[in-house]
Amino acid sequence: MSDGHFQLTNDGAIATLTLDRGERRNALTNATLAQLQGLAEDLRDAAEIRAVIIRATGADFSVGMDLSAMGGGGAKTPTVQLRRSAELGSRVMRALREIPQPVICAVQGVATGGAACIATACDFRIGTTDARIGYGEVKLGINLMWQALPLAIQTVGLARAKRMVMTGALYDATTLLDWGFFDELVAPGAQDAAALKLAQEFAALPPIAVQMIKRSANAWAGALDAAIMHADTDQWLLASRTEDFGEAVSAFFAKRSPRFTGN
């Protein structure tokens, strides 16, 4: 699958997915997300793989979705088509969560928006001391999509998840280690080695037992996720048609502070 920006490499029992779009700070596109979904689904049938690493090249893990590819509310696109396209992110998240093997995310620099969601969908996260994480959708006047809200709550707790998602702020690595988002912090440049070490630990364990434990733990923790979050795409459709959304996007490209009215 070359129509995207991920590269898949295998080293024995360990698979590595590398996001390689450093010239655009690894901004995500629909093609990149579709590619990630396909690669994640392929790993389900890769019995020889016992652990998976997700990483990125460059100074930042990813700044999230490429806003230059976003429309201003989809006025020219039929709503039924727009809704189906908007569900791509949740399909990616489901594919990542359903990878049987343990998945470790190595994060450096900034990871925000959809990139923060991808990291949250992984089982474990190793960050550099200069890493900063944020769910920045609210700053565009839209909700956190991709059915990622329950995962954020499961990762850092209810009040902290509310704070992260409702403010859209970037949080520093030390705070996120204390909150449980990161499992380990390392010096910049050491994240890949640390992720590989953890992956090797899992690869040396009995794969059937490890994968059954992961599946049961995720099923218990997320038993009600789909029932509660099925409407987050519809919430986005509403929010993306507001004046505040248009103002947020315009302000972003004009490099000015937005003026929100609640309309």
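Taken together, the values in this text are just the output of simple stated rules run on the coordinates, not laboratory data. Everything numeric in this text was worked out from a predicted model, so none of it was measured. Quick reminder, even Gly has a Cβ in these numbers, built from the backbone with ideal geometry, and neighbours come from all protein chains shown.
Annotations for the structure displayed:
- Residues Ser85, Ser240, sorted so that the one with the fewest Cβ neighbours within 10 Å comes first: Ser85, Ser240
- Just checking the listed ones, Gly157, Gly246, Gly12: in the Gaussian network model of the chain with Cα springs under 10 Å, the one fluctuating most is Gly12.
- Placed amide H near Ile14: partners under 5 Å, 5+ positions off or other chain: Arg50
- Applying a 4.7 Å Cβ-Cβ cutoff to the chain leaves Cys117 as cysteine residues with no disulfide-compatible partner.
- Judged by the ratio a/c of the largest to the smallest principal axis of the C-alpha gyration tensor, the stretch 130-263 counts as oblate, that ratio being 1.5 or greater while a/b is no larger than b/c.
- Highest average first, the peptides 111-123, 87-99, 134-146 ordered by how many other beta carbon atoms sit within 10 Å of their residues are 111-123, 134-146, 87-99.
- Alpha carbon centroid spacing (whole Å) that separates the stretch 5-69 from the stretch 171-225: 17
- Helices in the chain, meaning DSSP H runs of at least 4 residues, each add -39500 (n - 2.57). Divided by all residues, the mean residue ellipticity at 222 nm is -13000 deg cm²/dmol.
- Between Ala46 and Ser216, residue separation times 0.36 nm minus the direct Cα-Cα distance comes to 59.2 nm.
- Whole-Hz ³J(HN,Hα) from phi, Karplus 6.51 cos²θ - 1.76 cosθ + 1.60, for the stretch 76-87, glycine and proline x: 9, 9, x, 4, 5, 6, 4, 5, 5, 5, 5, 7
- Where the Cα pairs of the stretch 111-197 fall when distances are cut into 5 Å bins, in %: 3, 16, 28, 27, 15, 9, 3, 0, 0
- Cα-based reach from Lys197 at 22 Å (exclusive), listing lysines while leaving out same-chain residues under 8 positions away: Lys214
- Over the C-alpha atoms of the chain, the Rg to Rh ratio, Rh being the Kirkwood estimate, stands at 0.96.
- Lysines with Cα under 30 Å of Lys139, excluding same-chain neighbours fewer than 8 positions away: Lys76, Lys162, Lys255
- Residues considered: Leu82, Leu39, Leu185. Largest GNM mean-square fluctuation over the chain, using C-alpha springs under 10 Å, is found at Leu82.
- Choice from Thr167, Thr57, Thr79 showing the highest fluctuation, given a GNM over the chain with Cα pairs closer than 10 Å: Thr79
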